[in-house]
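The values are calculated or read from the model by the stated rules, or taken from the named source; none is laboratory data. None of the values given here were measured: they were computed from a predicted structure. Every residue, glycine among them, receives a Cβ derived from its backbone with ideal geometry; neighbour counts consider all protein chains shown. Only protein heavy atoms, including side chains, enter the accessible area calculation; ligands, DNA and RNA are left aside. Shrake-Rupley method; radii C 1.70, N 1.55, O 1.52, S 1.80 Å.
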Amino acid sequence: DARVTQTPRHKVTEMGQEVTMRCQPILGHNTVFWYRQTMMQGLELLAYFRNRAPLDDSGMPKDRFSAEMPDATLATLKIQPSEPRDSAVYFCASGLATGVGTGELFFGEGSRLTVL
Amino acid sequence: GQSLEQPSEVTAVEGAIVQINCTYQTSGFYGLSWYQQHDGGAPTFLSYNALDGLEETGRFSSFLSRSDSYGYLLLQELQMKDSASYFCAVLLNQAGTALIFGKGTTLSVSS
């Protein structure tokens, strides 16, 4: 059963600490997305990759957030230093980008981050 | 900027039909997707429209009018398990590498 796997599922940390979230996309998928979900803003696109190359990270606060794909089976989202306003659920999603998009992404279960 | 507008809440009773509208203004447009998210869960894909018209998948149908920058999700024969949030999402490019979501509509189905 292919699925997107995210770790950790829950994280509570103190302001100023570094947070790293990890995602294993579905094998064979060539696009990976990071979204942040809050009640106020909904699902915000933070960054996305195609074939491990970052295509757009304009949705991320550059001074504290970074996203990477060290290999095809791992995507990471790092926050350093974390702030209380970063508290949210962070979703990773993967998909298969071909010549014609299908609008279908497969989401992980999310990482719920609380920054105190 | 990108803008997708949908109602924040909709309520209905079991067995009824409900329509969730979505209007969009985006820098690019190749198609409109709909996702369902149960409380605390992951969003799951429901449907995708690239061309004008109605797409039917069981009890759910989705409609798109590109000229009006408008689409809707139609849910028929509502069941309690349909209580969830529903998101419209615009595919910004043909390769499928950028999907922008609306803020979601919370559907509450009562008996």
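Accessible area of B:THR26, 1.4 Å probe, to the nearest 10 Å²?
Accessible surface of B:THR26 is approximately 40 Å².
Check cross-link reach from A:LYS62 to the aspartates and glutamates: straight Cα distance under 19 Å, and skip same-chain residues fewer than eight apart.
Excluding near neighbours in sequence, the set is A:GLU18, A:GLU44, A:GLU83, A:ASP86.
In sequence order, what are the phi-derived ³J(HN,Hα) couplings for the range A:67-78 according to the Karplus relation 6.51 cos²θ - 1.76 cosθ + 1.60 with θ = phi - 60°, rounded to whole Hz, with x for glycine and proline?
Values, residue by residue: 10, 9, 10, x, 8, 5, 9, 9, 10, 10, 10, 10 Hz.
Which residue fluctuates most in the GNM of chain A (Cα springs below 10 Å): A:ALA67, A:ALA93, A:ALA53?
A:ALA53
What does the charge count around B:MET80 come to, taking other residues whose C-beta lies under 15 Å from its C-beta (Lys +1, Arg +1, Asp -1, Glu -1)? Please list the in-between numbers first.
Working: positive: B:ARG59, B:LYS81; negative: B:GLU14, B:ASP39, B:GLU77, B:ASP82.
So the surrounding residues net to -2.
Would you grab the residues whose amide H sits under 5 Å from the one on B:LYS103? Only those 5+ places off in sequence or on another chain, please, with H modelled 1.01 Å from N.
Correct list: B:GLN6.
In whole Hz, what ³J(HN,Hα) sequence does the range A:4-21 give by Karplus (6.51, -1.76, 1.60; θ = phi - 60°), x for Gly and Pro?
For the range A:4-21, the Karplus-derived couplings read 8, 10, 10, 9, x, 6, 9, 8, 10, 9, 9, 3, x, 7, 7, 10, 10, 10 Hz, x marking Gly and Pro.
So between B:SER8 and B:THR106, what do we pick up on full extension, going 0.36 nm a residue minus the alpha carbon distance?
34.7 nm
Using only Cα positions of chain A, each an equal point scatterer, no hydration layer, compute I(q)/I(0) via Debye at q = 0.20, 0.21 Å⁻¹ and quote the log10 values to two decimals.
Cα-only, vacuum Debye calculation for chain A: -1.06, -1.16.
Take the alpha carbon gyration tensor of chain B, find the square roots of its eigenvalues, order them as a ≥ b ≥ c, and report rounded if a/c is under 1.5; if not, report prolate when a/b exceeds b/c, else oblate.
Prolate, because a/c is 1.5 or more and a/b exceeds b/c.
How crowded by other chains is B:100-109, given as the mean number of beta carbons from other chains within 10 Å of each beta carbon?
2
Under 14 Å from a point placed 7 Å out from the Cα of A:THR20 along the Cα-to-Cβ direction: which residues of the range A:75-116 have their backbone N that close?
Output list for this probe position: A:75-80.
From Cα pairs below 8 angstrom and at least 6 apart in sequence, can you work out the relative contact order of chain A, rounded to a whole percent? Intermediate values should be presented prior to the final figure.
Details: 290 pairs, mean separation 43.3, N = 116.
Relative contact order for chain A comes out at 37 percent.
Say we join alpha carbon atoms closer than 10 Å with springs in a Gaussian network model of chain A; which of A:GLY95, A:GLY16, A:GLY42 then has the biggest fluctuation?
Maximum among the listed residues: A:GLY42.
Assuming a ≥ b ≥ c are the square roots of the Cα gyration tensor eigenvalues, decide whether the protein assembly as shown counts as rounded (a/c under 1.5), prolate (otherwise, with a/b larger than b/c) or oblate.
It is prolate, given that a/c is not under 1.5 and a/b is the larger ratio.
Once the whole set of protein chains is in place, how much accessible area is left on B:LYS81, using a 1.4 Å probe, in Å² to the nearest 10?
130 Å²
Of B:LEU75, B:LEU51, B:LEU32, which has the largest mean-square fluctuation in a 10 Å C-alpha GNM of chain B?
Most flexible of the set in this elastic network: B:LEU51.
Ranked by accessible surface with a 1.4 Å probe, highest first, in what order do A:ASP86, A:ASP57, B:ASP39, B:ASP52 come?
From most accessible down to least: B:ASP39, B:ASP52, A:ASP57, A:ASP86.
Can you put B:ILE100, A:ILE79, B:ILE17 in order of accessible area, largest first, using a 1.4 Å probe? Write down the numbers at each step before the final one.
On the way: B:ILE100 30, A:ILE79 0, B:ILE17 110 Å².
Output order, biggest surface exposure first: B:ILE17, B:ILE100, A:ILE79.
Compute, for the range A:1-86, the length of the dipole vector about the Cα centre, with Cβ point charges of +1 (Lys, Arg) and -1 (Asp, Glu) only. Units Debye, rounded to 20.
So the magnitude is around 160 debye.
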